[in-house]
Amino acid sequence: MQTKNTRHVVVDTTLGSLTIVASGDAITGLYFRHHIRRPAQERFGPEVALGDDALLADGAAQLREYLSGDRREFDLAFDACGDAFQRSVWDMVSRVPFGQTTTYGNIAQRLGDKALSYRVGQAVGANPLCIFVPCHRVLGADGKLTGHAGGLERKRALLDLEEPTEVTAGRLFQP
């Protein structure tokens with residue numbers, strides 16, 4: 001459902017075109033062109049010119065800074081639409097520090113029940129603020145890359161972007 005003053009902008013990035021959606025004074029979505037679970041286009045409201053919307057312009061600038069390696073955290077107002085469980089998972093995901101990872105099972109355990117791993121995975125998969133809420137930092141139990149709304153190649157690229165310099169420097173061959 002579209003809310004007050006919902007609008008969007010499409011931003012070209014190193015990961016391809018990304019759509020940033022805002023409603024009122026908060027960013028409510030960040031979607032790849034072929035995003036898994038991408039809402040219908042009409043839910044994004046009208047497309048606005050980047051220079052005409054300070055919030056979307058700031059979101060685009062911070063996103064580009066992050067993707068160029070010049071930003072580690074986002075300083076934006078977010079308002080993701082989800083149920084209480086999803087919001088609790090997204091809150092935990094948002095607290096995973098830059099350059100670190102966690103697992104679905106670890107988040108489930110922190111929620112009080114390791115058996116919630118599957119539900120945690122569903123909530124992470126439904127994250128409407130990918131990259132801003134860094135779901136790419138959540139891995140499978142064995143450290144394997146698992147689903148990502150933008151595809152596993154983009155998930156790998158985001159993890160590589162955040163890899164600590166000492167790890168990258170210690171590689172015999174650079175990617």
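Brief remarks on what is shown
- Classification of the range 3-106 by its C-alpha gyration tensor yields an oblate form. The axis ratio a/c (a ≥ b ≥ c) is 1.5 or more, and b/c is at least a/b.
- Of all accessible heavy-atom area on the chain, the percent that carbon and sulfur account for (1.4 Å): 51
- Among PHE85, PHE132, PHE44: highest mean-square fluctuation, GNM of the chain, C-alpha pairs under 10 Å: PHE85
- The dipole here belongs to the chain: it is taken about the Cα centre, uses +1 on the Cβ of Lys and Arg and -1 on the Cβ of Asp and Glu, and is about 640 debye.
- Relative contact order for the range 1-160, counting Cα pairs under 8 Å that sit 6 or more residues apart, in percent: 21
- THR102/ARG71 FRET efficiency (R0 35 Å; Cβ-Cβ; nearest 0.05): 0.95
- Measuring r between the beta carbons of ALA115 and ASP79 and using R0 = 25 Å, the FRET efficiency lands at 0.25.
- Rounded to 5, percent antiparallel among DSSP beta bridges of the chain: 70
- What the range 22-81 shows is 58 Å² of accessible area per residue, with the surface traced by a 1.4 Å probe over protein heavy atoms.
The values are calculated or read from the model by the stated rules, or taken from the named source; none is laboratory data. It should be emphasised that the depicted structure is a prediction, and the values quoted were computed from it without experimental measurement. Quick reminder, even Gly has a Cβ in these numbers, built from the backbone with ideal geometry, and neighbours come from all protein chains shown. The protein model used for the area step is the full one, side chains on, heavy atoms only, and it has no ligands, DNA or RNA in it. Shrake-Rupley method; radii C 1.70, N 1.55, O 1.52, S 1.80 Å.
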